[in-house]
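The values are calculated or read from the model by the stated rules, or taken from the named source; none is laboratory data. Predicted, not measured: the structure shown is a model, and the values here were computed from it. Using ideal geometry, Cβ is built from the backbone for each residue, glycine included, and neighbour counts are taken over all protein chains shown.
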Amino acid sequence: MRKYFEFYNPTKINCGEGALRTIGAELECFGSKKPFVIASATAVRLGAADKVRSALRGGSVKESVLYDALPARLDLNVLRELKAKFLAEKCDGIIAVGGESAMDFGKGLKLFLSENCDDFLPIAGTAKRAEKLIPLIAVPTENGSGHETSGYVSLDDCYVSTPAIVPNVLVLDERVAALSPARVTAANVIYALANAIEAYVGADGVSLVEIYAQKAVALIFANIEKLVKDEENSGSALSVALASAYAGIAYGNVLFGAAHALAEALSDVSGEPMEEMITISLVPALNALSDAQKAKLQELLPFMCGVDKCGEIPQEERSAKAIEMVANLISNLHAACALPEKIKETKISRETFGAIADAAQDKRSAITEFRPIGQEEFLKLLNDAY
């Protein structure tokens with residue numbers, strides 16, 4: 001175990017039946033009477049935004065303002081527009097409803113309001129903690145990215161990390177947790193699995209990170225295939241949503257791994273969704289782990305297949321078995337909902353591999369590895385993933 005470590009997790013998690021009804025009481029604790037609800041187009045189309053606002057009207061909050069035109073990626077001009085509307089409407093709290101984009105916009109808006117700024121560049125790196133913070137409640141509909149519990153946000157090459165933008169409350173309710181189509185759900189859950197695994201491998205004995213990661217892995221392997229086969233399985237939907245939150249908390253305290261760096265670069269260069277790119281990069285990245293890292297990985301096997309089955313596998317074969325189980329899970333999801341397994345199943349050509357490898361080596365999750373990962377290693381991973 002490390003001689004020193006830090007672990008930060010201030011987000012309150014409200015999970016289960018009727019969780020949406022708690023939002024009003026949570027806002028009341030912050031003195032918020034007029035929340036600003038920002039929602040992705042998908043969250044609006046699937047009815048999640050309406051469910052949130054309906055729950056608010058049934059409680060102590062009688063008035064809210066909705067912004068429902070969020071683009072798929074964080075955009076500086078839209079953030080400025082959100083800030084202007086928030087101030088013009090005299091709102092006093094933020095509720096973000098949707099997937100990764102909504103979470104990013106919620107944190108970006110909280111940052112702009114708390115820091116009284118209109119750009120990331122002047123506060124890049126670690127922003128100061130503002131004296132007055134706007135409460136942020138996250139209601140994710142597409143779980144997996146971990147953005148719903150993290151204190152970081154990035155736009156292009158500008159990265160900001162501060163406790164000031166960590167969501168105050170995470171609300172996981174069966175009425176919104178099971179809304180996404182099977183392929184979207186599957187991709188986001190593999191993203192969560194990558195969060196959990198790479199956090200665990202990089203934790204270096206930080207027990208709190210390990211505990212969150214272990215629980216996330218167990219919940220994912222026990223529930224994701226059930227949910228993809230039955231999209232209305234509210235129990236599995238909630239379990240998967242909670243797993244995503246746990247994985248996000250773990251990864252938010254480590255930020256480590258080749259799978260994340262490569263997936264982000266693949267997405268940046270090709271425009272393909274990062275959630276689907278990580279289903280391509282995860283297994284090659286696990287195969288490329290050092291022997292010491294694979295020894296750490298094998299500790300997750302009991303959470304994938306159960307203690308009894310793990311006990312039947314020789315010690316020296318357990319890391320390979322863990323990678324095999326991840327690969328089989330992705331293959332099963334590929335068969336169930338056409339989730340991509342290989343680069344050749346996308347529009348990405350080999351001619352772009354150099355640009356992708358260059359982009360990957362500059363990603364934060366590559367730089368913060370035990371040792372920085374270089375272009376040659378990423379080129380090998382790309383060829384393995386093809």
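General observations
- In summary, Met274 fulfils each of the numbered conditions (1) under 14 Å from the mean Cα position of the chain (by Cα); (2) crowded, with 24+ Cβ neighbours inside 10 Å; (3) within 16 Å of Pro140 (Cβ to Cβ); (4) not charged (D, E, K, R) with the single exception of condition (2).
- Screening Lys128 against (1) at pLDDT below 90; (2) basic (Lys, Arg); (3) in a helix (DSSP H, G or I) leaves a single unmet condition, (3).
- Candidate set: the stretch 46-68, residues that are among the small types (Gly, Ala, Ser), more than 23 Å from the chain's Cα centre (by Cα) and assigned to a helix (DSSP H, G or I); chosen: the one surrounded by the fewest Cβ atoms within 10 Å (Cβ to Cβ): Ser54
- Hey, Leu289 more than 19 Å from Ile373 (Cα to Cα), buried (at least 19 other Cβ atoms within 10 Å of the Cβ) and over 20 Å from the mean Cα position of the chain (by Cα) or not: no
- The listed residue being in contact with a Gly (Cβ under 8 Å, 6 or more places away or on another chain), closer than 26 Å to Pro340 by Cβ and either of a type in the set (Val, Ile, Thr) or crowded, with 24+ Cβ neighbours inside 10 Å (or both), out of Val153, Val160, Val166, Val201: Val201
- Restricting the stretch 69-97 to residues that are part of a strand (DSSP E or B) and touching a residue at least 60 places away in the same chain (Cβ under 8 Å) leaves a set whose member that is nearest to Thr141 (Cα to Cα) is Val97.
- Identity of the residue in the stretch 69-95, among the acidic types (Asp, Glu) and surrounded by 15 or more Cβ atoms within 10 Å (Cβ to Cβ), that ends up farthest from Ile23 (Cα to Cα): Asp75
- Options Lys107, Lys83; residue that is more than 24 Å from Ser267 (Cβ to Cβ), modelled with pLDDT of 75 or more and basic (Lys, Arg): Lys83
- Summed over the stretch 41-77, the residues that are closer than 30 Å to Ser267 by Cα and of a type in the set (D, E, K, R) give a count of 4.
- Number of positions in the stretch 249-277 that are aromatic (Phe, Trp, Tyr) and over 18 Å from Val153 (Cβ atoms): 1
- Test result for Val326, surrounded by fewer than 21 Cβ atoms within 10 Å (Cβ to Cβ), at pLDDT 90 or above and in the same structural domain as Asn253 (by TED's automatic domain parsing): no
Matching residues to (1) surrounded by fewer than 17 Cβ atoms within 10 Å (Cβ to Cβ); (2) closer than 20 Å to Lys296 by Cα; (3) under 21 Å from the mean Cα position of the chain (by Cα):
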{"residue": "Gly311", "(1), (2), (3)": "yes, yes, no"}
{"residue": "Glu316", "(1), (2), (3)": "yes, yes, no"}
{"residue": "Ser319", "(1), (2), (3)": "no, yes, no"}
{"residue": "Ala336", "(1), (2), (3)": "yes, no, no"}
{"residue": "Ile343", "(1), (2), (3)": "no, no, no"}
{"residue": "Ser349", "(1), (2), (3)": "yes, no, no"}
